Amino acid sequence: MSAGDRVGVAIIGAGVVGLAIAAELSRDRTVAVLERHGGYGRETSSHNSGVLHAGIYYSHDWLKTTLCVEGNRLLYAWADEHSVRVRRTGKLIIAQDEDQLAALEELLSAARENEVPGLELLSQRQVASLEPSIEAVAAISSRSTGVIDQMELMRSLESVAAANGASVAYKHDVRHLERSGVGFELDVRDPQGGEMRLASSVLVNSAGLAADRLADALGYDIDGEPRMRQTVNKGRYYDIVTPEKAARLQRLIYPLPHADRSGLGTHVTLDIDGGVHLGPDTEWLDESASLDYRADDVRREEFLAEARQFLPWLEAEDLMPGQVGYRTKLSGPGEPARDFLIWEDGGYVHLGGIESPGMTASLAIAGRVRELLG
């Protein structure tokens with residue numbers, strides 16, 4: 001890519017969603033992806049659990065639901081076609097006592113309304129036969145839940161986009177952007193510190209944590225309608241590092257979600273390499289807070305107390321601090337959860353609040369962007 005280039009589509013952000021959009025749109029358009037970091041997925045996409053979600057938790061008419069259910073199916077097929085490691089582990093959402101049975105059945109009914117495949121209500125005996133090391137009186141089994149190698153996924157998306165002729169430029173930081181008479185103009189700083197200008201007919205803002213700042217720079221009222229201002233929410237994981245205890249768990253294990261669906265509680269996830277993790281937790285950050293991806297050990301006791309409600313054999317020495325990630329949310333502390341924002345205005349496509357299940361939905365999001373652009 002050189003100064004003065006013009007492309008059909010400029011995409012800001014080379015996370016899993018931006019790369020999925022690039023792979024989709026580059027089939028019949030000229031595409032350039034601009035990423036300020038030195039490689040793909042350096043922020044949100046490489047700091048998540050790698051869980052391939054089923055679409056259970058959100059309202060029937062939300063994009064989070066419809067795109068997750070569709071994306072789940074698409075990602076399994078993509079992984080098979082492009083040799084991306086994926087494992088259909090299955091997941092149990094558990095009732096820990098009789099008082100939770102009604103809520104479990106209500107969640108199952110809502111998930112079936114969402115047309116989530118592969119769901120089954122299990123008795124205490126059936127749960128014990130599958131996961132004898134957990135304490136639960138019943139569970140929802142979700143057979144379409146799994147885990148995927150998110151780095152291999154992003155590499156495959158980048159490879160397909162490049163094979164289609166797309167340019168993916170790393171260490172290219174968008175310094176200024178504006179509408180022009182025929183689309184958009186972006187001033188970009190290259191890896192050597194030089195400045196270049198790129199023109200595009202379409203601009204896709206898939207910048208994740210920075211999406212609202214770019215919309216503001218383009219002149220949108222980010223507190224208007226649609227609301228684009230994002231909040232940042234930190235999540236920590238702890239790893240179960242005692243091998244014989246980690247080996248007791250064969251599936252993802254989730255407690256019932258919070259009543260307002262604002263969080264899923266401390267749960268067990270597996271990764272594609274067989275690691276076993278607890279988390280993530282939730283910590284709201286001030287707008288001015290800097291992002292620190294280093295692991296810390298400040299919440300061991302809280303994690304242990306929550307996990308021991310269904311893993312009573314777990315001890316403090318079985319845990320080590322794991323990865324840290326950050327969620328982009330359109331809601332704030334004490335506010336109800338909000339749906340994805342995928343919005344088009346005169347060739348500008350804004351992707352806001354693309355938190356979980358954004359990776360699962362990535363291919364379906366790309367299809368949605370194509371629909372919006374016509």
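General observations
- A single entry from GLY193, GLY219 fulfils the requirement of being loosely packed, with under 15 Cβ neighbours inside 10 Å and farther than 30 Å from PRO336 by Cα: GLY193.
- Listed conditions (1) within 18 Å of the chain's Cα centre (by Cα); (2) crowded, with 21+ Cβ neighbours inside 10 Å are all met by ILE134, apart from (1).
- With a requirement of 1 or more residues that are closer than 30 Å to LEU373 by Cα and within 20 Å of the chain's Cα centre (by Cα), the strands (runs of 3 or more DSSP E) lying completely within segment 21-124 that satisfy it span 31-35.
- Hey, ALA103 among the small types (Gly, Ala, Ser), out of contact with any strand residue (DSSP E or B) (no Cβ under 9 Å at 6 or more places or on another chain) and surrounded by fewer than 17 Cβ atoms within 10 Å (Cβ to Cβ) or not: no
- Check on LEU291, under 22 Å from LEU153 (Cβ atoms) and touching a residue at least 60 places away in the same chain (Cβ under 8 Å): no
- Exclusive hit being more than 19 Å from GLY50 (Cα to Cα) and surrounded by fewer than 22 Cβ atoms within 10 Å (Cβ to Cβ), set LEU285, LEU351: LEU285
- Test result for LEU157, touching a helix residue (DSSP H, G or I) at 6+ places or on another chain (Cβ under 6 Å), buried (at least 20 other Cβ atoms within 10 Å of the Cβ) and over 20 Å from VAL268 (Cα atoms): yes
- So VAL86, is it crowded, with 24+ Cβ neighbours inside 10 Å, in contact with a strand residue (DSSP E or B) (Cβ under 6 Å, 6 or more places away or on another chain), under 17 Å from ARG155 (Cβ atoms) and of a type in the set (Val, Ile, Thr): no
- When the residues of segment 204-233 are filtered to those that are among the hydrophobic types (A, V, I, L, M, F, W, C) and assigned to a strand (DSSP E or B), the one that is farthest from the chain's Cα centre (by Cα) is VAL204.
- Qualifying residue in segment 192-203 (condition: part of a strand (DSSP E or B), closer than 22 Å to THR44 by Cα and in the same structural domain as LEU351 (by TED's automatic domain parsing)): yes
- Taking first residues from segment 171-186 that are assigned by TED's automatic domain parsing to the domain that holds ALA10 and surrounded by 15 or more Cβ atoms within 10 Å (Cβ to Cβ) and partners that are in a loop (DSSP other than H, G, I, E, B) and hydrophobic (A, V, I, L, M, F, W, C), the Cβ contacts under 6 Å between residues at least 6 apart in sequence or on separate chains come to LEU177/LEU218.
The values are calculated or read from the model by the stated rules, or taken from the named source; none is laboratory data. The model shown is predicted, which means the values in this text are computed figures rather than measured ones. When we count neighbours, we look across all protein chains shown, and the Cβ atoms used for this are built from the backbone with ideal geometry, even at glycine.
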